[in-house]
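Each remark here refers to the structure printed beneath this line.
The values are calculated or read from the model by the stated rules, or taken from the named source; none is laboratory data. The model shown is predicted, which means the values in this text are computed figures rather than measured ones. Note that we place each Cβ from the backbone using ideal geometry, even for glycine, and neighbour counts take in every protein chain shown. We work out accessible area using only protein heavy atoms, side chains counted, and drop any ligands, DNA or RNA first. Shrake-Rupley method; radii C 1.70, N 1.55, O 1.52, S 1.80 Å.
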Amino acid sequence: RTVVEMRDRLLEKDWATPEIVEQVIRRLQALNYLNDEDYAERFATARLERGPVGAIRLRRDLRQKRLASPTIDEAVRQIYAEHPEEELIAAAAQRWLARKGTPEAPADAQKLFAFLMRRGFSPSLVYRTVRQCQSPLDSSLDPEAMPGVDDQPADEATTIEDSESLMHSSPRTWRRRSSLRRRRPDPGLD
């Protein structure tokens, strides 16, 4: 657990007072049972072992563990120094291509784009990867059709903010078929 998670769990106990909990936390840190830096590194390594993810997704997952920003930044820097993001996105794209095949239609390319965005890769890196995976006859993937993507990579902070909003939104180009189209008429209306 992280220090914050342990503190919250201890404060839930009937016997716990803030002073006692802080003493326990300090003692656990002194014995190196609680170490947010080690936890962040191990979590990041384990997360990448489960499957390739981008820095944006990994940062979000670490933020959910309520780790400090400098701790997150250092863990992400170290893990992507060992495993470059370009290699990870290539592996993720290959997994998708093995299941779905080369994107022949623009809709297929957009599905690959959305898949890689959900995995937490930056929009510019995703765009380049999708362009490389497309059929050479089909160059219909238009950067204007992909919100948040441009030819020049943005600075990391902008990319993270834009990508997180894209991962949680449903842009017009990615919208799934409406459930209203599949809804059967109400039998009581006859």
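A few comments on the model shown:
- Subset tally (residues that are open to solvent by less than 30 Å² (accessible area, probe 1.4 Å) and assigned to a helix (DSSP H, G or I)) for the stretch 45-58: 5
- Any hit, the stretch 46-60, residues being more than 25 Å from Val126 (Cβ to Cβ) and either touching a residue at least 12 places away in the same chain (Cβ under 8 Å) or touching a Pro at 6+ places or on another chain (Cβ under 9 Å) (or both): no
- One residue stands out in the stretch 76-107 among those that are closer than 23 Å to Thr2 by Cβ and within 15 Å of the chain's Cα centre (by Cα): the one that is surrounded by the most Cβ atoms within 10 Å (Cβ to Cβ), namely Ile79.
- Of the criteria (1) free of Cβ contacts under 8 Å to residues at least 60 places away in the same chain; (2) over 20 Å from Thr2 (Cα atoms); (3) assigned to a helix (DSSP H, G or I), which one Ala114 fails: (1)
Let's see how each residue does on (1) open to solvent by 30 Å² or more (accessible area, probe 1.4 Å); (2) in a helix (DSSP H, G or I); (3) touching a residue at least 40 places away in the same chain (Cβ under 8 Å):
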{"site": "Leu10", "(1), (2), (3)": "no, yes, no"}
{"site": "Ala16", "(1), (2), (3)": "no, no, no"}
{"site": "Glu19", "(1), (2), (3)": "yes, yes, no"}
{"site": "Arg27", "(1), (2), (3)": "yes, yes, no"}
{"site": "Tyr39", "(1), (2), (3)": "yes, yes, no"}
{"site": "Phe43", "(1), (2), (3)": "yes, yes, no"}
{"site": "Arg66", "(1), (2), (3)": "yes, no, yes"}
{"site": "Pro70", "(1), (2), (3)": "yes, yes, no"}
{"site": "Glu74", "(1), (2), (3)": "yes, yes, no"}
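- Residues of the stretch 64-93 satisfying the condition of being over 23 Å from Tyr127 (Cα atoms) and small (Gly, Ala, Ser): Ala68, Ser69, Ala75
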